[in-house]
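Structure, as structure tokens:
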Amino acid sequence: MKKYFICLFFTVAALGFTGCNDFLTPESTDSYNESTAFSSEKNAKLYMNSFYTIINNYGLFGTTYKLLSNDINGSSFLGGCMYVDGLSDIEKCAGSTIGSNGAVANLYATTPSLITPDQNSLSIWGDAYTYIRLINQLINGIDNTAKFEVNIKTRLKAEARFFRGYLYFLLMRNHGSVILMDQLTTEKNHARSSASACWDYVAADLDYAATNLPQVWESTDAGRVTKGAAYAMKSRAMLYAERWQEAYDAANKVQAMVADGTYALNSSYAKAFGSYFGDGNKEAVLEYRYSYPKLTHNFDFIASPGGDNAGFGGDIQPTQELVESYEYAGGGTVDWSAWHSANVTTTPPWASLEPRFQATVLYPGSSWKGRTIEPFEGGKDGWVAYPPAAGSNKGASVTGYYLRKYVDETHTDLINVKSSQPLVEIRLAEVYLNFAEAAYHLTKTDDANGAINKVRNRVGLPSLNLSGTTLLDQIKKERKLELACEGHRYWDLRRWKDAVSTLTGLYVHGLKTTDNGGGSYTYDYITCDDAPRQFPSKFYAFPIPSSELTNNPLCEQITGW
């Protein structure tokens, strides 16, 4: 038994669920090997628990994508996944990502040469295959050495296969064709399987999980993956595979659980994510729970406005491109052309925009923590032009906006107290949008309209009855707004093959506010990038790492790399 296996077996501090104290300590034994690790239900569950960190690691608060070189202390940065949408058109990475070490996230948006087979901060190859090997080890151990009831074995294997299917989905999202490893083997040479075979594998793992996981766990196991989570993940994965019928059917399975009361859209969009709920959030289909002080994250410190945070924070800032996509609260497109110039004195229509905007974006004059947001020079939060001069306020806004979504407004001591609001990895609203997109491609126009209208009606927007490419464009827009800054936009643009046209040559924008005193303000449309964003067509499938090709001559590189 390798030491690595033993170490991971005891890595249970980072549990993403509650009520599992009975499984925090392994059964006593003189030595641990594969036989003892999986022989008892208690030890097998303990081993299984360690895989729940996958939801955290690859989720919005996770650290997998090391896009940033250094944090404010000069050490390895503690975040990554939350910055990926900064490579798209809806976010600008700013705040403490700006400084003498450079804004690496911004460099990735404008410098395609940073992604190569030798270097790719968006790669998960090594980490994912390490997890897959360990998951296979668990499945093998349950099949061959476990000495507990068959129904428990099946349920544990279902959890394991959920995570294996999720990991292979993430690998496929990156590369389009990968190596399938479903057995323990010492053989290091393996060829990539076809895209079709890989997607079959993802679907099979998630189907097995959905078939054998409970719809709702007992309270002692609250937070574990469920039947609904497996179907929801499949609905997401099959959109990337362009297997519309499978995506449609999987999303429909989740909708059936709405009918029986398992899931429901939260009546308030603002309460569909963040720090408000725990067990009361029926919109959460897949959730990772934190528990202060043992299991925490740094999102509030990273994303809070500069005025909250002693000069830091404000790393994730909405762009004007995102802001201008929102409708009026009662529906209808806003004409922003009057603000696409300098020295405008008319107040922008921020206060009149729909609830999703109000819950996502902090803008000048927003009420926040008993004060008013002031993202302008001389204001409490501050503003700085990009790229900033040395010594600029690192918490200042670049775009004129800050992120509100997911930030805990009740969190006041951002320096000494870390965050613990849950991560909602999949919301019911996403499942509706997955269903709508699949329905469109199956020419089920009424189903597609019905699904997007559920999402729109929740925030008071009028129903639509669209068809053709107009309907598809609306589905894409609803995803952009409903799921804004939740880690979907960059990947959506890639899978739609819209990234080249949307991102190549793009400079993202903001709206600079100037306080003239006496309640008078002027507004300037500003560019917030110092170079155009780039997305070469070969980025639709990222390269296999050079280290894999060196060690595995059967594995061929992705075409174009």
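Quick look at the values:
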item: Some residue of the range 540-551 being in contact with a helix residue (DSSP H, G or I) (Cβ under 8 Å, 6 or more places away or on another chain), small (G, A, S) and within 30 Å of T347 (Cβ to Cβ); result: no
item: In the range 486-523, the residues that are in a loop (DSSP other than H, G, I, E, B) and either under 27 Å from T346 (Cβ atoms) or out of contact with any Leu (no Cβ under 8 Å at 6 or more places or on another chain) (or both); result: H488, W496, K497, D498, T504, G505, L506, Y507, V508, G518, G519
item: Matching option when the condition is within 26 Å of G62 (Cα to Cα), buried (at least 20 other Cβ atoms within 10 Å of the Cβ), touching a residue at least 24 places away in the same chain (Cβ under 8 Å) and touching an Asp or Glu at 6+ places or on another chain (Cβ under 8 Å), among F162, F169; result: F162
item: The range 351-367 - residue that is on the phi < 0 side of the Ramachandran plot and without any contact (Cβ under 8 Å) to a residue 24 or more places away in the chain and, of those, surrounded by the most Cβ atoms within 10 Å (Cβ to Cβ); result: A351
item: Enumeration of residues in the range 433-462 that are more than 24 Å from the chain's Cα centre (by Cα), farther than 18 Å from R243 by Cβ and crowded, with 17+ Cβ neighbours inside 10 Å; result: N449, L461
item: Criterion violated by K253 - all others in (1) in contact with a helix residue (DSSP H, G or I) (Cβ under 6 Å, 6 or more places away or on another chain); (2) among the charged types (D, E, K, R); (3) crowded, with 21+ Cβ neighbours inside 10 Å; (4) over 27 Å from Y290 (Cβ atoms) satisfied; result: (3)
item: Pair list, Cβ under 8 Å, 6 or more apart: the range 452-475 residue without any contact (Cβ under 8 Å) to a residue 24 or more places away in the chain, other residue in a loop (DSSP other than H, G, I, E, B); result: N453/S463; N453/L464; R456/P462; R456/S463; R456/L464; N457/S463; Q474/L464; Q474/L466
item: Conditions (1) buried (at least 20 other Cβ atoms within 10 Å of the Cβ); (2) of a type in the set (F, W, Y); (3) under 20 Å from the mean Cα position of the chain (by Cα); number of the one not met by Y240; result: (1)
item: Residue, surrounded by the fewest Cβ atoms within 10 Å (Cβ to Cβ), within the range 524-553, restricted to residues that are assigned to a strand (DSSP E or B) and among the β-branched types (V, I, T); result: T527
item: Within the range 112-159, considering residues that are of a type in the set (K, R) and in a helix (DSSP H, G or I), the one surrounded by the most Cβ atoms within 10 Å (Cβ to Cβ); result: K157
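Residues checked against (1) of a type in the set (F, W, Y); (2) assigned by TED's automatic domain parsing to the domain that holds D315; (3) under 24 Å from the mean Cα position of the chain (by Cα); (4) at pLDDT 85 or above:
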| position | (1), (2), (3), (4) |
| --- | --- |
| Y32 | yes, no, no, no |
| A37 | no, no, no, no |
| L46 | no, no, no, yes |
| Y52 | yes, no, yes, yes |
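Conditions (1) part of a loop (DSSP other than H, G, I, E, B); (2) in the same structural domain as E321 (by TED's automatic domain parsing); (3) within 18 Å of A232 (Cα to Cα), marked per residue:
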residue	(1), (2), (3)
D408	yes, yes, no
D413	yes, yes, no
A429	no, no, yes
D447	no, no, yes
L466	yes, no, no
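Yes or no, residue by residue, for (1) within 30 Å of L481 (Cβ to Cβ); (2) in the same structural domain as E242 (by TED's automatic domain parsing):
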{"position": "K92", "(1), (2)": "yes, no"}
{"position": "A109", "(1), (2)": "yes, no"}
{"position": "T154", "(1), (2)": "no, yes"}
{"position": "H175", "(1), (2)": "yes, yes"}
{"position": "I179", "(1), (2)": "no, yes"}
{"position": "D182", "(1), (2)": "no, yes"}
{"position": "K188", "(1), (2)": "no, yes"}
{"position": "C198", "(1), (2)": "no, yes"}
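The values are calculated or read from the model by the stated rules, or taken from the named source; none is laboratory data. None of these values were measured; they are calculated from a predicted model. Cβ sites come from the backbone with ideal geometry, for glycine too, and all protein chains shown count toward neighbours.
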